[in-house]
Amino acid sequence: MVQIVTIVAVVFILGAILLLERRCLGKTALVQPLVLCLLAGIISGEETTGIWLGISLQLLSIGQGHYCNWVYASIAASGAFVVLGLYDVRFGPGTLASIALVLVSILLGIISDSAERRLLRGENAAPPDAELWRSEQGVEAFASLIYRRVLRGFLLGGVQSVLGVALATGLAYVVAEKTIIQLNPLMPVAVAIAIPIFGVAVTLGSLSGRAYPFYAGIGVLFSMGVWAII
């Protein structure tokens, strides 16, 4: 029980801090999927899987920041990876559990981005005309506004992180421990290659503008081809 409470507290605090950059500054310069997943892999003693998770999410995130909260997706994936490692649940790149972790993390990131846009739709509206810098009362009101927004962002980010890590951990655990499907031994290797290549296709598509459907289609066809072969 003490361990669970400690994990929840750590996830809440770290997740809230990591999400503040995106929520308050609108940027994701410091928090990147590859960095978070690599750190999670080092902590769990599974650096290879951590690098694979990080590369997969990093490639998919390039140019697609408007559709998914990739910071949140990275927190969910890396947090679940560490929690599962603490309970000796191990899985390598390309396994069903790792695929489930990638998919649920991206889905959580998309849901989070959509919900946050709806919740904070009015916050970026132009403030009413006021001479904030010409009176002590105006400065205090402005500082209070910033404080409230940062505090709300911190609390909201903490709750989001705990829920995201819990959902990702639960799904990955069920797939890793309860699935009885027997897979072809080559399947994890093929999938471990296919997902990053699909990420490359999506990245090239996003960087090439109008050619996005073409490159994304190549990635989809390649991934379907891998599944058909195995």
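The values are calculated or read from the model by the stated rules, or taken from the named source; none is laboratory data. Quick caveat, the model's predicted, so the values are computed rather than measured. Every residue, glycine as well, gets a Cβ built from its backbone with ideal geometry; the counts of neighbours run over all protein chains shown.
Residues in region 90-99: is at least one within 10 Å of the chain's Cα centre (by Cα), in the same structural domain as G45 (by TED's automatic domain parsing) and touching a residue at least 40 places away in the same chain (Cβ under 8 Å)?
Taking every residue of region 90-99 in turn, none turns out to be within 10 Å of the chain's Cα centre (by Cα), in the same structural domain as G45 (by TED's automatic domain parsing) and touching a residue at least 40 places away in the same chain (Cβ under 8 Å).
Just to verify a result, which residue in region 62-120, among those that are polar (S, T, N, Q) and more than 23 Å from E46 (Cβ to Cβ), is surrounded by the most Cβ atoms within 10 Å (Cβ to Cβ)?
Of everything passing the filter in region 62-120, N69 is surrounded by the most Cβ atoms within 10 Å (Cβ to Cβ).
Are there helices (runs of 4 or more DSSP H) fully within region 1-115 with at least 2 residues that are closer than 26 Å to V189 by Cβ and at pLDDT 80 or above? List them.
33-44, 47-61, 70-86
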